[in-house]
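Beneath this line is the structure, given in structure tokens, with notes to follow.
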Amino acid sequence: MMRTYKFRIYPSKRLQETIEEHLNICRYLYNYLLEQKTKNPKLNKGDTQKLITLHKKENPELKKVHSKVLQIINNKLWGSLKALGKLKQNGHKVGRLRFKSSKNHYKTIEYNQSGFKVDYTTKRLKLSKIGEIPITLHRKIKGVIKGIIIKKEPTGKWFAFFQVEEEPKPLPKTNKVIGIDLGINGYAIDSEGNKFENPKFIDKTFDKIKKVQKNLSRKVRGSNNYKKTKLKLINVYDKLNNQKNDFLHKLSRYYINNYDKIVLEDLKIKSMIENKKGQKTLNRHILDGSWRKFINLLLYKAEGAGREVILINPAYTSKKCSNCGFVVSSLKLSDRLFFCPNCGWNIDRDYNASLNILKSGLGGSVVPVEGRPLLRIIPYIKVISGQVSPMSQGAPSVREG
Ligand SMILES: [Zn+2]
């Protein structure tokens, strides 16, 4: 399986200029190939590939960039053409592929198979035709590095993304399954009665974002103060992302380590239902995005660990009684407790949903023995520091990663 690792790199001023120059050459070549293809639509991928070699003779500047890096530009172009063709096929109105007219439209340099080397002792990334760049290798690479992508993020920081081919390492079976309800009242409520608190930093950082945004709106566009404030805003967003990712990595790791099967609602279907009900706030958007990311992390980690993630149709998960199956249609969003008039079941609403989710994922085979009146509340700080272990004994504790 392929995994991506992100490492910070520290190119000197001179090297940054070299990389920028390479980016310009890459962008130029992309536009050149697209132009040739537009002029002569019969050209195939092999033809445009040959054009690179031919064009090198006319334009020796291209030789400044590693040859494999140039080849990948052709792949990129054809990838975009193919994607565009697919959209057209599906009946979407699409224009032509656009030329990358500005620096902002071409941001990555890609090395594939060759032209790069990682020196673990000197902690340097060696890139052919660019040079040696100091790198922070905060974790060990266990597989084979297939490619490296160099990118400058809006914060001004440079990163290298390693694409690594790894052998999957199945974790020992735990014989445990879990259903998870993702919510607003708690970030995640699971069928073992754990309620993971919403990360507080989301609210805190969100307030900060609003403040800086307001500040920015008072500055003159393009002025130095404007640029400064804009960078500040980018940095706050960046911080929010890092905190969020850390939390999501650890929470997903907790579930992957402790459960063989993990059941959740399919958010694609869920948001289709919810979007009809009106607009979402920005705050809600951030949460929404993080749920998606959380599920993607689970899927990604499950693949390597030999776990199963099941996504179910969310219809009725919150309105159905997890004890007898009776549907309570009068349940309001503000009702924190679920009360079943049919069997008398009285239970936390999100906990009830998580039981339904689990049941649905396992084909209706689980019935809780008793309702748990009190949920175990887990503050996010415990997740961050990896101090959570499951309710029942015998399961392994949370590990890093
Ligand atoms: Zn009932």
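Numbers for the structure displayed
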| quantity | calculated |
| --- | --- |
| The range 133-181: Lys pairs at Cα distance under 22 angstrom, eight or more positions apart or on different chains | 5 |
| Test item: Cα-centred dipole of the chain, Lys/Arg +1 and Asp/Glu -1 on Cβ, debye | 2040 debye |
| Cα convex hull volume per residue for the chain (Å³) | 195 Å³ |
| Options Pro168, Thr38, Asn313, ranked by Cα towards positive dipole end of the chain, top entry (Cβ charges) | Thr38 |
| Principal axis box of the range 177-384, alpha-carbon based, largest edge first, Å | 66, 41, 29 |
| Centre separation in Å (Cα based) which lies between the range 1-37 and the range 105-143 | 13 Å |
| Cβ crowding within 10 Å averaged over residues, with 120-132, 182-194, 166-178, 23-35 ranked highest first | 182-194, 23-35, 120-132, 166-178 |
| Reachable lysines, given that their alpha-carbon falls under 23 Å from the alpha-carbon of Lys320 and they are not under 8 places away in the same chain | Lys195, Lys261, Lys268, Lys270, Lys276, Lys277, Lys332, Lys359 |
| Within-10-Å neighbourhood charge of Lys103 [Cβ basis; K, R +1; D, E -1] | +2 |
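Each reported figure results from applying straightforward, stated rules to the coordinates on display, with no laboratory input. Fair warning: this is a prediction, and the values are worked out from it, not measured in the lab. Please note: Cβ atoms are built from the backbone with ideal geometry, for glycine as well, and neighbour counts cover all protein chains shown.
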